[in-house]
Amino acid sequence: MTPRMYFVLVLRGIGIWKLAYSLEDFTTAWNVHEKLYTLPYDTSGAFVNHGVVNIVVGALLLFG
């Protein structure tokens, strides 16, 4: 494998990691929404925004 192929492989791995991490953000948003987890300053909308950004970044790294 060439160095360029290794670089692309690492970027795709980071993309998969970001997609998996977005699931954690959506789970935390659901827990905050259902009052299972309380935070003094964060809302469930903030976690949803983070999840959407992680999905976009992960998709760009995976398919770009």
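Ignoring everything but the protein chains, give the 1.4 Å probe accessible area of Trp30 in square angstrom, nearest 10.
Its accessible surface works out to 150 Å², give or take rounding.
Relative to the first principal axis of the alpha-carbon coordinates of the chain, what is the inclination of helix 44-63, with its axis defined by its Cα atoms, in degrees from 0 to 90 and to the nearest 10?
10
Once you wrap a convex hull around the alpha carbon atoms of the chain, what is its projected area averaged over all directions, in nm²?
Hull-based average projected area comes out at 4.6 nm².
When only the heavy atoms of the protein chains count and the probe is 1.4 Å, how do Phe26, Phe47 rank by accessible area, highest first?
Sorted by accessible area, descending: Phe26, Phe47.
Can you give the calculated 222 nm mean residue ellipticity of the chain, where each DSSP H run of n ≥ 4 adds -39,500 (n - 2.57) and the sum is split over every residue, rounded to the nearest 500 deg cm²/dmol?
Result for the chain, helices only: -28500 deg cm²/dmol.
Find, among the trypsin sites (Lys or Arg not before Pro) in the chain, those assigned to loop by DSSP (not H, G, I, E, B) with at most 10 other beta-carbon atoms within 10 angstrom.
Lys35
Using a 1.4 angstrom probe, figure out how much accessible area the chain has per residue, in square angstrom, rounded to the nearest whole.
Per residue, the chain has an accessible area of 78 Å².
Relative to the longest principal axis of the chain, what angle (0 to 90°, nearest 10) does the C-alpha long axis of helix 3-33 take?
10
Which value, in debye to the nearest 20, gives the size of the charge dipole of the chain about its Cα centre, when Lys and Arg are +1 and Asp and Glu are -1 at the Cβ?
320
Given the options Leu39, Leu11, Leu19, which has the most mean-square fluctuation in a GNM of the chain, springs set between C-alpha atoms less than 10 angstrom apart?
Comparing Leu39, Leu11, Leu19 in the GNM, the peak value goes to Leu39.
The values are calculated or read from the model by the stated rules, or taken from the named source; none is laboratory data. These numbers come from a predicted model, not from an experiment. In this analysis, Cβ positions are derived from the backbone assuming ideal geometry, glycine residues included, and neighbour counts consider all displayed protein chains. Just the protein is used for accessible areas: all its heavy atoms, side chains included, with ligands, DNA and RNA removed. Shrake-Rupley method; radii C 1.70, N 1.55, O 1.52, S 1.80 Å.
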